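The values are calculated or read from the model by the stated rules, or taken from the named source; none is laboratory data. This structure is a prediction, so every number in the text was calculated from the model and none was measured. A quick note on method: Cβ atoms are made from the backbone with ideal geometry, for glycine too, and the neighbour counts reach across all protein chains shown.
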Amino acid sequence: MSDQLRDEMREARRSSGMMWARFAREAGFGEAYLRNVENGNRSVTTGVAAAYDRVLQTGGTFMAALHDTDSTVAEKGLWERPGSLTVLADLLTGSSVDRRSFLSAGAAFSASASSWAKALGPNRAARTPVSLPGGPALVAHVNDRLDHLRHLDDELGSREVYLLARSELSLIVKLIRSRRCDSRTVDHLHSMAAEAARQVAWAAFDQGRPGIAQRFFDGSLRASAEVGDAISGAYALSFAAIQCYSTPGQAGRAISLLETAQEQVRRKATPRMHAMLAARTARALSKTGTKRECAHYLDIARAALDKGRHDDDPKTLYWVDYGEIEMIAGSAALQLGDPAEAICRFEAAMKASYPGDDEYPRSHAIYLARAAEAHLAMHDLDAAVANARHAARCLGSVDSTRSASELKGLRQKLAAHTSYAAVREFLQVG
């Protein structure tokens, strides 16, 4: 854990944009001393960890990670204990709640991904969930409801989805334990459990509850591994990666998660799945400042989409299209300090008929806020305000802590331009 902690501290410091001299001065240590800490020539002491937390405002996460150096081993051990059903049931009853920090959860993600890949095994035949037209009616209804919940999350946000997905997961666990279904249906139910747990995890993250999200992502991976369903597990990992790269100092972990997902579905997934994983890898890479690699993965994503749709595309990938890829490209360009390119990518997404207003208002609000930030960087206040207002309209009927936080950050950036009437009016009225 110590090497990973050093990497996280280094990345968080770099991401802050502070010069070494200023950082060392505010931390209360010599610059040479802190360089040696990050390079592994000196130990990470509690004083150093506390100083990084204080200066970088990371909420005590480095201190927590230092005191939890054995967390990765502990998480690996969990996979040697009860099976996925027991773990999921415990999560649903609240008997297994994660109250650890972001960094500890990041370490747990890495351990869960490693355990998942090991459980699948290099020689285990992977299976892709298929429809059950002749299966039990109740199972088919639950499957349909999971599909509806995905769209509900897109359009209304995550608060209600969190509760509803937990209910569906509870029902799926009961159906598996009832032993009333044949083996093929039970396999399908495990894949459904993986998707339901992923929905709970994603909704929890979107509501600002990262510890709970981590636990349910782990549960999703366990359920997918139970039946060798690499596709569902890789899909869950792609969302866990967003939680990682949205957390300071965790982008490297996100890249590792996505690499694990790609390796497990390399010869099993459709081009659309590969496009999604490549695009999210590009976004994670943008957080590390690696522009060339980011562009490479975006090219891979576009080339994969060029291959067209396949009959066996997972239903969960309905949202993966050229518009979404370009929105991700715009976000990456903004992260890499190229607002002009960001604006071009966001505009390209709209030309690709991105249905954000109607079908994805929660995500669209985030992308519009980023487009506004790009226009602000280009000193186009009118365009920045127009995009900000559009983002606010999208959030009008959406319950999403993550999206609201994005808009709040934009408001803070606009606050420096209140001498401009349009900006002032937006900040006052919204």
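Within the set Tyr420, Tyr360, Tyr354, the sole residue that is in contact (Cβ under 8 Å) with a residue 40 or more places away in the chain and in contact with a helix residue (DSSP H, G or I) (Cβ under 8 Å, 6 or more places away or on another chain) turns out to be Tyr360. Residues in the range 283-301 that are surrounded by 20 or more Cβ atoms within 10 Å (Cβ to Cβ) and either more than 13 Å from the chain's Cα centre (by Cα) or among the basic types (Lys, Arg) (or both): Arg283, Leu285, Ser286, Lys287, Cys294, Tyr297, Leu298, Ala301.
Would you please name the residue that is modelled with the lowest pLDDT, looking only at residues in the range 71-94 that are among the charged types (D, E, K, R) and over 24 Å from the mean Cα position of the chain (by Cα)?
Residues of the range 71-94 that are among the charged types (D, E, K, R), as a first pass: 75-76, 80-81, 90.
Still in the running and over 24 Å from the mean Cα position of the chain (by Cα): 80-81.
Numbers: Glu80: 56, Arg81: 49.
Result: Arg81.
Whether any residue in the range 262-272 is of a type in the set (A, V, I, L, M), buried (at least 24 other Cβ atoms within 10 Å of the Cβ) and in a helix (DSSP H, G or I) is what I want to check.
Scanning the range 262-272 turns up no residue that is of a type in the set (A, V, I, L, M), buried (at least 24 other Cβ atoms within 10 Å of the Cβ) and in a helix (DSSP H, G or I).
Looking only at the range 340-396, residues that are under 13 Å from Ile328 (Cβ atoms) and surrounded by fewer than 17 Cβ atoms within 10 Å (Cβ to Cβ) come to 1 in all.
Conditions (1) within 24 Å of Ala251 (Cβ to Cβ); (2) aliphatic (A, V, I, L, M); (3) modelled with pLDDT under 95, marked per residue:
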position: Met327; (1), (2), (3): yes, yes, no
position: Asp357; (1), (2), (3): no, no, yes
position: Leu368; (1), (2), (3): yes, yes, no
position: His379; (1), (2), (3): no, no, no
position: Ser397; (1), (2), (3): no, no, yes
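Figure legend. Inter-residue proximity from the range 174-186: first residues surrounded by 11 or more Cβ atoms within 10 Å (Cβ to Cβ), second residues small (Gly, Ala, Ser), beta-carbon distance below 7 Å, spacing 6+ or different chains. Indicated pairs: Thr185/Gly135.
Test Met273 against the stated conditions and say whether it is closer than 19 Å to Leu237 by Cα, within 17 Å of the chain's Cα centre (by Cα) and not basic (Lys, Arg).
Taking the combined requirement at face value, the residue satisfies it.
Just checking, does the range 411-429 include any residue being surrounded by fewer than 15 Cβ atoms within 10 Å (Cβ to Cβ) and either closer than 23 Å to Ala203 by Cβ or touching a Cys at 6+ places or on another chain (Cβ under 7 Å) (or both)? Among the residues of the range 411-429, not one is surrounded by fewer than 15 Cβ atoms within 10 Å (Cβ to Cβ) and either closer than 23 Å to Ala203 by Cβ or touching a Cys at 6+ places or on another chain (Cβ under 7 Å) (or both), which makes the answer no.
Looking across the range 279-317, the residues that are hydroxyl-bearing (Ser, Thr, Tyr) and without any contact (Cβ under 8 Å) to a residue 24 or more places away in the chain come down to Thr290, Tyr297. Restricting the search to the range 40-58, which residues are loosely packed, with under 14 Cβ neighbours inside 10 Å and under 26 Å from the mean Cα position of the chain (by Cα)? Within the range 40-58, just Gln57 meets the criteria. The set of residues from the range 214-236 being small (Gly, Ala, Ser) and in contact (Cβ under 8 Å) with a residue 60 or more places away in the chain comprises Gly219, Ala223, Ser224, Ala225, Gly228, Ala230, Ser232, Gly233.
Going by the conditions given, is Phe239 touching a residue at least 40 places away in the same chain (Cβ under 8 Å), surrounded by fewer than 24 Cβ atoms within 10 Å (Cβ to Cβ) and among the aromatic types (Phe, Trp, Tyr)? Against the criterion (touching a residue at least 40 places away in the same chain (Cβ under 8 Å), surrounded by fewer than 24 Cβ atoms within 10 Å (Cβ to Cβ) and among the aromatic types (Phe, Trp, Tyr)), Phe239 qualifies. Evaluate the following for Arg280: is it within 15 Å of Ser238 (Cα to Cα) and of a type in the set (Lys, Arg)? So Arg280 passes the test.
Scanning the range 240-260 turns up at least one residue that is among the acidic types (Asp, Glu) and closer than 25 Å to Ser286 by Cβ.
Condition check ((1) crowded, with 22+ Cβ neighbours inside 10 Å; (2) among the aliphatic types (A, V, I, L, M); (3) in a helix (DSSP H, G or I); (4) at pLDDT below 90) across all residues:
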{"residue": "Leu163", "(1), (2), (3), (4)": "no, yes, yes, no"}
{"residue": "Ser167", "(1), (2), (3), (4)": "no, no, yes, no"}
{"residue": "Ala197", "(1), (2), (3), (4)": "yes, yes, yes, no"}
{"residue": "Trp202", "(1), (2), (3), (4)": "yes, no, yes, no"}
{"residue": "Ala213", "(1), (2), (3), (4)": "yes, yes, yes, no"}
{"residue": "Phe217", "(1), (2), (3), (4)": "yes, no, yes, no"}
{"residue": "Arg222", "(1), (2), (3), (4)": "yes, no, yes, no"}
